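As structure tokens, the structure follows; a few thoughts come after it.
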Amino acid sequence: MTSTRSRLSGYAVVVLALALLGGLYTAFLAPKPKAEDPANQSVAVKEGRQLYLQGCSTCHGLNNQGGAGGPSLIGVGASAVVFQVESGRMPLARGAAQAPRKTVKYDRTQVDQLAAYIQSLGGGPELPAGKLDDGELALGGDLFRTNCSSCHNFAGVGGALTRAKYAPPLTAASARVIYAAMQSGPENMPRFSDNTLTPTEKRAITRYVRFTTSESKNPGGAGLGRYGPVPEGLVAFLVGMGLLIVVTLWIGARA
Amino acid sequence: MSDSIRDRLKATGEDVDPAAPVSHGEHPVGDPTESTHHSYHAELDEQSAKRAELAVASLFMLAVVGTVGFIATFVFWPNEFGKHLYEFYTPLLGGFMALALLGLGAGAILWAKTLMKDEETVQERHLLSSADEDKQGAAAIIKEGAADAGLGRYPILRRSFLLANGALGVLAVPFLFGLGRFQFKEAAMAKTGWHKGSRLLDELGRPVKLGDLEVGGVKSVFPDVAGGRHMADSAVLLIRMRPDVLHVRESRKDWVVDGHIAYSVICTHLGCPVKLYEQQTHHLFCPCHQSTFDAANGAKVLFGPAARSLPQLAIQVDDEGYFVAQGDFNEPVGPSYWERKPHYKDEVK
């Protein structure tokens, strides 16, 4: 009797100790489930694959291998999806020198699902979490003028490239699209890896672009493409001179 | 000359001979002394004059309002960048200044058209040359001065004085040597900030190392000398492309590192920065006159007015993995000039 009880109590102690250990482990030591739950991730990948098969596979191939219409998407990364789909460039309307910005066909969730699917295939650049346009404005301006302004113009209004291609204006681009463009180097744009422009610097550039294209104002009303004093002088000359000539003619006619 | 003008000149007391011709020769556009003037306003009666006066005065007052508004805007309007309504600061200043000038101008015109006397007068011009006795007088003074100074009497003084003046003229000749090719030194045009072992620094002064660029990436780089980032002739674009698409000529095969190639970005046409790089076509495009260079093929000219390829900077990787220049460019960067040699060898300086 005594031995049975003591044996039982022995089991109880072991069970209790195990439970305590397990509880402690779960409470303090066990790896926390990540914000991007693998289960959710795989759901997103599955949904993304469905969207891909319906909307993208005609050109990019059933297995992302690329085809006559489009390049392979293996290894382009989630950023490429965000840039191309969230700016409305994909799905492509027709073959041309360059894909233009159009009405966006997928909502934010669908873009993220597509991005998760493409990312799952071969890795590649991915948008970081958190705000993307909270960088330092002055640093962003400095970096923008060195790295971006040669094609996109220092006011971000874009410009011509060779053979009917162009660097698009950045005025309509969201922070996600700007950031993703730097990471993925779409079409003929050079790619700026995190070693070329660190995430801090990319955030600063994104902040500068958003500021200069949508927040900053044009003293004087019309920016005239923000090309600077030459077109401003031209307009002042033509309009001012024109008005003076009209007034002079009027005075002459009254004489 | 019309009678009215003659009469008026008489009234001013000038002596006018009615028989004397006032002008000579033919007048293809009519005799300028024949007045064709028509008065455009009648004499105003008392009431109209009062009205006109008020109109002119109110325009002048508008000018005053413009000036006051200008000063008030200058003092009180928020003009700091980013402040609420700051973007109207410049237009308001301009608007008020325009009002001030316009009010004055319009008032003056209205004044002249309504209240001022409308009449035409002729102002006679005198001959441009001086009278003969004035010329003779001046010559006499100069001669007298020379005689008083003793120029005729002391020949050594006269000659040395003339020599000193001539010598002063020669003093200007050395200045001519500052012009043109007396001054020109080929080396000054051919040299940039790059030197052997100079690391390739980015726009924030950090050295660029192998692996920083992905395929399809570019980086603007500058020499590691003081003020290197602001040397207009030393700006270089470091490009990375797939090694198999990069064609390097035999004499330059040591100038590239694993698909990394560096070119001067100063256009060989007129010196604009050629930094528009297309990573799929490998075109470098000059925004000024559309010169297009093939970065995958020695930056040779594909299109446009540029006559020469972009100079290539020979690069290598040092022991720590950073990119360094093997030396300066082997040819002068930027546009051609008279004294530029037509050909340069592919040798690292």
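The values are calculated or read from the model by the stated rules, or taken from the named source; none is laboratory data. Every value quoted in this text rests on a predicted model; they were computed, and no experiment measured them. A quick note on method: Cβ atoms are made from the backbone with ideal geometry, for glycine too, and the neighbour counts reach across all protein chains shown.
Below is a table of values for the structure above.
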quantity	calculated
Subset of segment B:285-300 [farther than 11 Å from B:Val248 by Cα and away from chain A (no Cβ under 11 Å)]	B:Cys288, B:His289, B:Lys300
Filter pass, B:Gly259 being within 30 Å of A:Gln98 (Cα to Cα), within 14 Å of chain A (Cβ to nearest Cβ) and either of a type in the set (Val, Ile, Thr) or more than 33 Å from the chain's Cα centre (by Cα) (or both)	yes
Odd one out for A:Thr171, checked against (1) on the phi > 0 side of the Ramachandran plot; (2) within 14 Å of the chain's Cα centre (by Cα); (3) surrounded by fewer than 18 Cβ atoms within 10 Å (Cβ to Cβ); (4) not charged (D, E, K, R)	(1)
Boolean, B:Gly69 is at pLDDT 95 or above and either farther than 22 Å from A:Ala236 by Cα or of a type in the set (Lys, Arg) (or both)	yes
A:Gln113, sole failed condition from (1) over 14 Å from the mean Cα position of the chain (by Cα); (2) within 14 Å of chain B (Cβ to nearest Cβ); (3) surrounded by 16 or more Cβ atoms within 10 Å (Cβ to Cβ)	(2)
Selection count, segment B:235-279, where residues are without any contact (Cβ under 8 Å) to a residue 12 or more places away in the chain and not in a strand (DSSP E or B)	3
Any hit, segment A:231-240, residues being surrounded by fewer than 19 Cβ atoms within 10 Å (Cβ to Cβ), in contact with a Gly (Cβ under 9 Å, 6 or more places away or on another chain) and over 22 Å from B:Asp202 (Cβ atoms)	yes
Only listed residue being within 12 Å of another protein chain (Cβ to nearest Cβ) and touching a strand residue (DSSP E or B) at 6+ places or on another chain (Cβ under 6 Å), chosen from A:Asn218, A:Asn188	A:Asn188
Segment A:195-207: number of residues that are without any contact (Cβ under 8 Å) to a residue 24 or more places away in the chain and more than 7 Å from chain B (Cβ to nearest Cβ)	1
Among (1) closer than 30 Å to A:Ala164 by Cα; (2) within 14 Å of chain A (Cβ to nearest Cβ); (3) charged (D, E, K, R) - the single one B:Asp244 does not satisfy	(2)
Tally of residues being under 24 Å from A:Arg101 (Cα atoms), in contact (Cβ under 8 Å) with a residue 40 or more places away in the chain and among the small types (Gly, Ala, Ser) across segment A:141-176	7
The one condition in (1) surrounded by 13 or more Cβ atoms within 10 Å (Cβ to Cβ); (2) part of a loop (DSSP other than H, G, I, E, B) that B:Leu92 fails to fulfil	(2)
Residue that is surrounded by fewer than 20 Cβ atoms within 10 Å (Cβ to Cβ), touching a residue at least 24 places away in the same chain (Cβ under 8 Å) and of a type in the set (Asp, Glu), where the choices are B:Asp346, B:Asp328	B:Asp346
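Condition check ((1) in contact with a Lys or Arg (Cβ under 8 Å, 6 or more places away or on another chain); (2) over 24 Å from B:Gln326 (Cβ atoms); (3) surrounded by 10 or more Cβ atoms within 10 Å (Cβ to Cβ)) across all residues:
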position: B:Gly150; (1), (2), (3): no, yes, yes
position: B:Leu162; (1), (2), (3): no, yes, yes
position: B:Ala172; (1), (2), (3): no, yes, no
position: B:Leu176; (1), (2), (3): no, yes, no
position: B:Leu201; (1), (2), (3): yes, no, yes
position: B:Val208; (1), (2), (3): yes, no, yes
